[in-house]
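Comments concern the structure below.
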Amino acid sequence: MTILSCILAVILAGFLSAFFYDRHRNIVLSVVSLLFLGIIAYFSSLAGPVLDGATIVQEVIWVDTLNIQLTFLVDGLSLFFALLVTIFGLLIFLYAHRYMEDSPQINRFAGYLLLFSGSMLGLVLSANLIGLFVFWELTSLSSFLLIGFKHQDEESRRSARQALLITAGGGLALMAGFILLEIATGSGYNLTEILSQPEVVADSGLQSAAIILIALGALTKSAQFPFHFWLPNAMAAPTPVSAYLHSATMVKAGVYLIFRLNPLFQEAALWHHLLGAAGALTMTWGALKAFQEDDLKRILAYTTVSALGILFMMIGLGGEAAVHAAMVYVLAHALYKCALFMTAGNIDHQTGTRRISQLSDLRRKMPVTTVTVALALASMAGVIPLLGFVGKELLYDALYHAADPIAMVYLALLFLAGALFTAVSVDILYNAFFKTGKLQDHPIKEGHLMLILPPLLLAVASLLTGIAPGWTIAPLLKWSAANIHGFAPTMKLKLWHGFNLVFLLSLATLLAGVGLYFLRNWVRQAQKPSWASADFLYDQVIAGSESVAQYTTGKIQNGYLRKYIATVIVTFSLLLLVAMVHGQVFQSLSMAPLLKGIQIYELVILALIVLATGFLFRVRSRLIVTATFGIIGYSIALGYTLFSAPDVAITQFLAETLTLILLILIIHRLPSYTLETSIARLKYLPMAILFGATMAVTAYVMLLQEKETGSQVYFLEQSIPKGKGQNAVNVILVDFRALDTLGEITVLTVTMIGIIALLKFKPNNKKA
Amino acid sequence: MKTLILATLLRLLTPLFISFALYMFFRGHDKPGGGFIAGLIASIPFMLHAMVFGYERTRQVFRIKPTMLAALGLFMALLSGFFAVLKGEPYLTSTWVSQPLPLVGKIGTPIFFDFGVLLVVFGVVLQITFLLTEE
């Protein structure tokens, strides 16, 4: 219950901020900060038992009839991510408070941001797949709102749409994968139970499909190839969003998911090949693209894509060492990347540009930022003694000692990506901070304390955890990693592993990176043709689906009412006939009861109906058509009275009268008949006969069947004792089948709203 | 379509139609009738009114918006089902006063439900008529 309250409190705080943040900024800020501090304190208090190996489970009854409960689970892995989300969330909120100071609609911004925090917290804590999916899609939705925050900007809107289409689309695949897991295990979407039976999933025959679908969800969310292009475009969002969602947390949701499900699939080859290949490709490609960019935020976005690729690749490799390395690298990346994004925002805020080619001299103008950036970039490049170095050593170590031959390919690619990271770091640090250039005489100074403190804190954390990883982060990461590979915690972290081959490799990466930096003009020339860019292909797919939609809409929505009705009734009749043939209704159909005891007055009514219908084909005037319809309707009502159904007969009489009146009211507004000749009308005759015949047969079949099911008898017998009414029809309507009636009157009301919309809408009047 | 006969008759007919509608409504549980039929009958005098005097006039006389009536009816029908929920039974289970009351007779949630149906039918039919007579 407590965890659910935490999540709901954050989302509620989001709603409060959306209403009050613009007017009472400081009050809301302190409330939100206190809330975050409280949640951090709560999760820290859970750290004690979790570090002793306990797993805390909290369950709230949710959809009990489907055996789906809102379950939350705190173990090493979810505790790590929960702390990541809340601590970074607090820092980002403080940072955004100052950074977004002057932007309009800041209340909405704060609301979206907190909605995201709450959803992300729910995502990493959920122990029920349905709950996890709901939170997963909520993060996609809040990400969409945040990317499109500058909604006046066409580019923002496009990026937001793109991110939503891809991540929410992947979410649907994920849902399908979850359903397959549920089919295989039948555990009520309970994550813990599913994770405990990998053999059942493997034997069910659904494993491969589930892996592909779930991997699709993870790959889209974490911007892995071939879905990587939405993340750089998502940089249209304000910088705090990029720092929080698109580097530290949301894009890690895919990573969290594959971490979480790794125990389930780690025996499957497909899981490793799929994630490994996608990860390795994304890692290399992202690093290469990062080196070609000029905009600070886009550089950081591509390095994020690349770093996420490293994580996917490590899970693809599998094994204890790889999981340890991935876990350390998640933290290392979150720390340095979030700091870098925030400083990129600071630079943008203070100088007005984020392009490296426009920047210079920031070392003298913004000394604190320089320290922050230098530390964070050093961590990214993997310079001793920062956490990035520890992470990179572990990555190299895991790949070097892996038995799988593909690990050597991964190692070579990682070396290349690492060198490119270094080159990017050198590029940023030298050209923006140390080079003397255009900005030399500009009066640029350091931003507000709230802008420079959060990134500095993160950068210093990178340094401290790098110097002493063993007693700062190892206790928690040990248990997180244990949850990923499903064994006892064995991780031991230290900064210095001795002067060995891995260290040499690390050193060589740095040197190669510096070397690559000097080759930058040559590397940057390499451009692929525009038709091969994923972004371009995305546009083609969207444009293609739009034109297909336009074509089909043009075909289906042809504007002729009679064609609509023809389509509806033909489809309906055919479906009904197919269903009846399939149900073998016609085999036992006897015509005998139909002709038994037929009366002369019944024949008269029948003749009236048939004559009137035939007459309809000859008439040109709508008024006469309407009147003829009246004859048919009243004849049918007469039929009802003959078969002792007074209620239905009264209703039919009244409805018929009202229809007549309504038709007469609008008859003068209708255009003249477009089908002038009788021949043209005759082409609808087969459809009319088909529909009429189908309905007649259906009614007849139902009449025969009803006697067998006994529902007739039941309703008649129970009407007085249970429904307290002698009129069984009315009792059925308002009591036994009241839900049906409720549905019908709802439809009636909706129809009325539709008619209002149709009649009030004047196409020529643009204001209407 | 201004006819003197109909205009004069309407004064007499309107209360008659409404009483008849109510009569049909209340007998509905035991004899032919019910909310749907009553709703249709109740709407007839107002339809005639709109045809005779025109939409503007009817709207002035008839102060309540038909859409509001329909919404009210739907709400009432929805709400009537919650009595059962309060008692811990499935939604829309009927609940009756145990002893028939003097004069009023037996009272139970289906009456409110049926009255909701009446209001919805009444409101929808009137709204459509008003829209169609509106020039």
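Would you confirm, using the coordinates I've provided, whether A:L638 is exposed (fewer than 15 other Cβ atoms within 10 Å of the Cβ) and either within 25 Å of B:G39 (Cβ to Cβ) or not basic (K, R) (or both)? When the stated conditions are applied, A:L638 does not pass them.
Screening the candidates A:L742, A:L748, A:L716, A:L733 for the property of being within 22 Å of A:I569 (Cβ to Cβ) and either open to solvent by 60 Å² or more (accessible area, probe 1.4 Å) or at the interface with chain B (Cβ under 10 Å from one of its Cβ atoms) (or both) yields one hit, A:L748.
Just the residues that are within 10 Å of another protein chain (Cβ to nearest Cβ) and either assigned to a helix (DSSP H, G or I) or under 11 Å from the mean Cα position of the chain (by Cα) (or both), please, taken from the stretch B:26-37. So that I can check it myself, show each step before the final result.
The initial filter retains those residues of the stretch B:26-37 that are within 10 Å of another protein chain (Cβ to nearest Cβ), namely B:27-37.
Scanning the stretch B:26-37 gives B:R27, B:G34, B:G35, B:F36, B:I37.
Of note, A:I39 does not satisfy the criterion of being over 30 Å from A:S103 (Cβ atoms), open to solvent by less than 20 Å² (accessible area, probe 1.4 Å) and part of a helix (DSSP H, G or I).
Residues of the stretch A:285-343 that are over 26 Å from the mean Cα position of the chain (by Cα) and among the basic types (K, R): A:K289 alone.
Residues are listed down the side, and each one gets a yes or a no for (1) farther than 14 Å from A:G254 by Cα; (2) in contact (Cβ under 8 Å) with a residue 12 or more places away in the chain:
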site: A:W136; (1), (2): no, yes
site: A:I147; (1), (2): yes, yes
site: A:K150; (1), (2): yes, yes
site: A:E154; (1), (2): yes, no
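Condition first: open to solvent by less than 10 Å² (accessible area, probe 1.4 Å) and within 14 Å of the chain's Cα centre (by Cα). Now tell me which residues in the stretch A:216-228 satisfy that.
Here is the first cut: in the stretch A:216-228, the residues open to solvent by less than 10 Å² (accessible area, probe 1.4 Å) are A:217-218, A:220-224.
Scanning the stretch A:216-228 gives A:G217, A:A218, A:T220, A:K221, A:S222, A:A223.
Scanning the stretch B:38-56 for residues that are over 14 Å from B:L10 (Cα atoms) and away from chain A (no Cβ under 12 Å) turns up just one, B:E56.
Just one of the numbered conditions (1) more than 12 Å from every other protein chain (Cβ to nearest Cβ); (2) open to solvent by 40 Å² or more (accessible area, probe 1.4 Å); (3) at pLDDT 85 or above is not true of B:V61: (3). When each of A:A680, A:A699, A:A688 is tested for being more than 9 Å from every other protein chain (Cβ to nearest Cβ), among the small types (G, A, S) and exposed (fewer than 11 other Cβ atoms within 10 Å of the Cβ), the lone residue that passes is A:A699. Looking across the stretch A:475-487, the residues that are open to solvent by less than 10 Å² (accessible area, probe 1.4 Å) and either free of Cβ contacts under 8 Å to residues at least 24 places away in the same chain or not hydrophobic (A, V, I, L, M, F, W, C) (or both) come down to A:S480, A:H485. Among residues of the stretch B:104-118 being open to solvent by 20 Å² or more (accessible area, probe 1.4 Å) and within 9 Å of chain A (Cβ to nearest Cβ), the one that is modelled with the lowest pLDDT is B:K106. Each residue in the stretch A:481-525 was checked for being in a loop (DSSP other than H, G, I, E, B), of a type in the set (A, V, I, L, M) and within 40 Å of the chain's Cα centre (by Cα), and 4 pass. Within the stretch A:44-54, not a single residue is open to solvent by 20 Å² or more (accessible area, probe 1.4 Å), over 22 Å from A:A481 (Cα atoms) and either at pLDDT 95 or above or not in a helix (DSSP H, G or I) (or both). Of everything listed in (1) more than 7 Å from chain A (Cβ to nearest Cβ); (2) within 20 Å of the chain's Cα centre (by Cα); (3) surrounded by 15 or more Cβ atoms within 10 Å (Cβ to Cβ), the single unmet condition for B:F75 is (3). Within the stretch A:532-549, which residues are acidic (D, E) and within 18 Å of A:F225 (Cα to Cα)? Hits for the stretch A:532-549 are A:D535, A:D539.
The values are calculated or read from the model by the stated rules, or taken from the named source; none is laboratory data. The structure displayed is predicted, hence computed values, not measured ones. Here Cβ is always computed from backbone atoms with ideal geometry, including for glycine, and neighbour counts include all displayed protein chains. Accessible surface areas use protein heavy atoms only, side chains included; no ligands, DNA or RNA. Shrake-Rupley method; radii C 1.70, N 1.55, O 1.52, S 1.80 Å.
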